[in-house]
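A.B. asks: Below is one structure. I have some questions about it.
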Amino acid sequence: GPTTSKTDLDALCREMNTCDSIEAMLDAIFARRELLPGLDAVMYSDIHARKNSVFVYARGDLFTHLTPGSQYPYSGTIAENIDKENLEYLIVDDTQASIKAIDWALFVPHDVRSYIAKALYTRGAMRTVLIFCSAQKKSFHVSQVDRVTKIATTFHLRLKQL
């Protein structure tokens with residue numbers, strides 16, 4: 001029930017706070033993916049908007065062919081989209097129905113059909129985007145935003161300590 005998942009969520013956050021790398025934190029999230037039913041992969045984007053760069057790290061079967069730290073231009077990314085539209089989070093129900101170039105460049109080729117993304121800021125600048133991905137469409141819902149926010153916030157704060 002909901003209490004178990006609250007405990008699991010707290011346990012995940014405690015575990016992430018002992019991790020000493022990006023990969024270890026992504027592994028921890030992936031290991032508890034039942035917290036977000038439908039989750040097949042988790043992706044971290046390290047955002048450097050002024051340098052027009054995003055560095056991408058992922059864990060999960062969908063991204064086995066993605067080199068950790070792969071660099072993409074910032075323009076056209078989910079990060080830019082979230083920033084421009086001033087969104088709290090972004091849910092895409094079906095990447096194959098998307099008009100965004102990044103969905104076709106990064107998600108469709110890796111068989112990601114839907115995702116929920118959460119951005120976090122340092123001193124007003126977006127630095128972290130965590131993207132929870134599914135191979136099924138419509139896997140994520142607004143009811144999961146609090147949970148996604150807690151996981152992403154823990155990730156973001158831990159990154160600063162590393």
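The values are calculated or read from the model by the stated rules, or taken from the named source; none is laboratory data. Computed from a predicted structure; not experimentally measured. Cβ sites come from the backbone with ideal geometry, for glycine too, and all protein chains shown count toward neighbours. Remember, those area values only see protein heavy atoms, side chains included, never the ligands or the DNA or RNA. Shrake-Rupley method; radii C 1.70, N 1.55, O 1.52, S 1.80 Å.
A.B. asks: Could you please give the count of residues in region 107-154 that are open to solvent by less than 10 Å² (accessible area, probe 1.4 Å) and under 10 Å from the mean Cα position of the chain (by Cα)?
C.D. replies: 13
A.B. asks: Of the conditions (1) part of a loop (DSSP other than H, G, I, E, B); (2) in contact with a helix residue (DSSP H, G or I) (Cβ under 8 Å, 6 or more places away or on another chain); (3) exposed (fewer than 13 other Cβ atoms within 10 Å of the Cβ), THR67 fails just one. Which one is it?
C.D. replies: The number of the failed condition is (2).
A.B. asks: Another one. Assess whether ARG50 counts as being within 19 Å of SER134 (Cβ to Cβ), of a type in the set (Lys, Arg) and open to solvent by 30 Å² or more (accessible area, probe 1.4 Å).
C.D. replies: When the stated conditions are applied, ARG50 does not pass them.
A.B. asks: For region 70-82, does any single residue satisfy the condition of being open to solvent by 50 Å² or more (accessible area, probe 1.4 Å), within 21 Å of TYR115 (Cα to Cα) and small (Gly, Ala, Ser)? Working first, answer last.
C.D. replies: Of region 70-82, the ones open to solvent by 50 Å² or more (accessible area, probe 1.4 Å) are 71-73, 75.
Within this subset, residues satisfying the condition of being within 21 Å of TYR115 (Cα to Cα) are 71-73, 75.
Filter once more, so that each one left must be small (Gly, Ala, Ser): 75.
Among the residues of region 70-82, at least one is open to solvent by 50 Å² or more (accessible area, probe 1.4 Å), within 21 Å of TYR115 (Cα to Cα) and small (Gly, Ala, Ser), which makes the answer yes.
A.B. asks: Answer yes or no as to whether TYR44 is assigned to a strand (DSSP E or B) and open to solvent by 30 Å² or more (accessible area, probe 1.4 Å).
C.D. replies: Against the criterion (assigned to a strand (DSSP E or B) and open to solvent by 30 Å² or more (accessible area, probe 1.4 Å)), TYR44 does not qualify.
A.B. asks: In region 17-41, what residues are open to solvent by less than 10 Å² (accessible area, probe 1.4 Å) and either charged (D, E, K, R) or under 13 Å from LEU159 (Cα atoms) (or both)?
C.D. replies: MET25, LEU26
A.B. asks: While we're on this one: Quick one: in region 1-16, of everything that is free of Cβ contacts under 8 Å to residues at least 24 places away in the same chain and of a type in the set (Gly, Ala, Ser), which residue is surrounded by the most Cβ atoms within 10 Å (Cβ to Cβ)?
C.D. replies: Within region 1-16, the match that is surrounded by the most Cβ atoms within 10 Å (Cβ to Cβ) is ALA11.
A.B. asks: In region 130-162, how many are aromatic (Phe, Trp, Tyr) and closer than 22 Å to ASP103 by Cα?
C.D. replies: The number of residues fulfilling the criteria is 2.
A.B. asks: Is there any pair with a first residue in region 52-70 that is over 19 Å from MET126 (Cα atoms) and a second that is open to solvent by 20 Å² or more (accessible area, probe 1.4 Å) and aromatic (Phe, Trp, Tyr) whose Cβ atoms are under 6 Å apart and which are 6 or more apart or on different chains, and what are they?
C.D. replies: PRO68/TYR57
A.B. asks: Name the pairs: first residue in region 33-49 and at positive phi, second residue among the small types (Gly, Ala, Ser), Cβ to Cβ under 7 Å, at least 6 apart or on different chains?
C.D. replies: Listed by first residue and then by second, the contacts come to GLY38/SER134; GLY38/SER139.
A.B. asks: List the pairs whose first member sits in region 80-95 and is more than 23 Å from LYS51 (Cα to Cα), whose second member is open to solvent by less than 50 Å² (accessible area, probe 1.4 Å) and of a type in the set (Phe, Trp, Tyr), and whose Cβ atoms are under 6 Å apart, counting only residues at least 6 apart or on separate chains?
C.D. replies: ILE91/PHE140; VAL92/TYR115; THR95/PHE107
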